[in-house]
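Laboratory data are not the source of any read-out in this text; all were calculated from the coordinates shown. Keep in mind the model is a prediction, meaning the values are calculated, not measured. Note that each Cβ is placed from the backbone with ideal geometry, even for glycine, and that neighbours are counted across all protein chains shown.
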Amino acid sequence: MIIDCHAHVFAFPKLASPFSKTTWLSAQEQIRIMDSKGVDKAVILPLSNAECCAEVQSFGEILYICECFPGRFIPYCNIDPRLPQRPDLITVDHFLYILEQYKNLGAKGLGELVARIPWNDPCMLNLLEACQIVNFPITFHTITPDYDGYGVLDYPGLELLEIVLKRFPHLRLFGHSPGFWSEISSSLRIEDKNGYPKGPVKEGGALVNLLRKYPNLHCDISAGSGLFALQRDPDFTWKFIEEFQDRIILGLDYGSVKNDMQHIEWLKKAKLENYISELAYTKITSRNISTILGLGL
């Protein structure tokens, strides 16, 4: 069993991304990729925040895709927490009113959260508290305020992320993005914070420190940000995977048919060459996400 925890799938994609110059993936295109890589199921993360360079998706579209291809997709929901856009979302109970409906309709989590507001903004804290109450994990993308892009705002060292990890100990957060994975090394330079740093990983990185302190933090290895971070220093990576094998989850994050995400091939090769154990491979590729989402697989 292989489960991809990070997919963006549309029923009828029409608009091209400014990055790939292609549309986002249709369900049929996503399934062709899944079949070619041996992926059994994929989590659909709706793109709903204003910063996304994509067509806004309704939860109804996500459910429609899941119904058309039974057994292949796992639905997540998404909410933009900002008050100016949603005057009906002021209290935790307001968020709960919506999230409980999503949960009753089959949603297993929330994301991808890319709203460009700080973790400690009051409306964000209300959303996080509500997600903790309904037991929804959150997949997030993070970025610094000085950088022009999408993602929850944080600073070098992930200091705001630590605030919410501590405040909501039962809320599972799946970290993703260059701004998250660059923090794997304590030698991180400010200019590389939102990029793809190379070279040896130095112990004491903020990401590793947070993983050791907060069991509710998890690592989504999707896209280049996750894979490149794990490939940059194999001597460090094998120890990292051994220590955090219960907190690492496989994601691919295809944004275009032009992409070719090699995460599964890399993991299989590492297992074949005995750099990671069979157990660690199974946890990363299916068991961890199945346990968190209560899939019973």
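What the table shows:
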{"item": "Translational D in µm²/s for the chain (Stokes-Einstein at 37 °C, 0.692 mPa s, Kirkwood Rh from C-alpha pairs)", "result": "171 µm²/s"}
{"item": "Listed residues Thr91, Thr139, Thr285, most fluctuating in the chain (Gaussian network, C-alpha, under 10 Å)", "result": "Thr91"}
{"item": "More than 19 angstrom apart: percent of Cα pairs within the stretch 56-136", "result": "37 percent"}
{"item": "Placed amide H near Val9: partners under 5 Å, 5+ positions off or other chain", "result": "Leu45"}
{"item": "The chain: relative contact order in percent, alpha carbon pairs under 8 Å with at least 6 residues between", "result": "16 percent"}
{"item": "Dipole of the stretch 3-293, positive direction: furthest Cα of Asn209, Pro178, Ile33, with charges on the beta-carbon", "result": "Ile33"}
{"item": "Sorted largest first, extent of the stretch 1-96 alpha carbons per principal axis (Å)", "result": "45, 31, 19"}
{"item": "Furthest towards positive pole of dipole, Gly195, Leu47, Ile2, structure part the chain, Cβ charges", "result": "Ile2"}
{"item": "Simple label model, 7 Å out from Cα along Cβ direction - Cys53 to Lys14, nm", "result": "2.1 nm"}
{"item": "Nearest-20 debye value, the chain charge dipole, Cβ charges on Lys, Arg, Asp, Glu", "result": "420 debye"}
{"item": "Fraction of beta bridges assigned by DSSP in the chain that are antiparallel (%, nearest 5)", "result": "5 percent"}
{"item": "Cα centroid separation, the stretch 81-135 to the stretch 1-19 (Å)", "result": "22 Å"}
{"item": "Chain lengthening between Asn259 and Lys198 when straightened (0.36 nm per residue, less Cα-Cα)", "result": "19.9 nm"}
{"item": "Where the Cα pairs of the stretch 169-243 fall when distances are cut into 10 Å bins, in %", "result": "20, 58, 21, 1"}
{"item": "Point-charge dipole on Cβ atoms (K/R +1, D/E -1) for the stretch 16-147, about Cα centre, debye to 20", "result": "320 debye"}
{"item": "Table column - 3J(HN,Hα) (Hz), the stretch 31-43, Karplus curve with 6.51, -1.76, 1.60, x for Gly and Pro", "result": "5, 4, 5, 4, 5, 5, 10, x, 8, 7, 9, 9, 7"}
{"item": "Listed peptides 119-126, 1-8, 144-151 by packing density, highest first (mean Cβ within 10 Å)", "result": "1-8, 119-126, 144-151"}
{"item": "Highest-fluctuation residue, Ile62, Ile79, Ile90 considered, GNM on the chain with Cα pairs under 10 Å", "result": "Ile90"}
{"item": "Spacing of the two label points (7 Å from each Cα toward its C-beta) at Tyr275 and Arg167, in nm", "result": "3.9 nm"}
{"item": "Candidates Leu47, Leu250, Leu105, ranked by Gaussian network fluctuation over the chain, Cα under 10 Å, top entry", "result": "Leu105"}
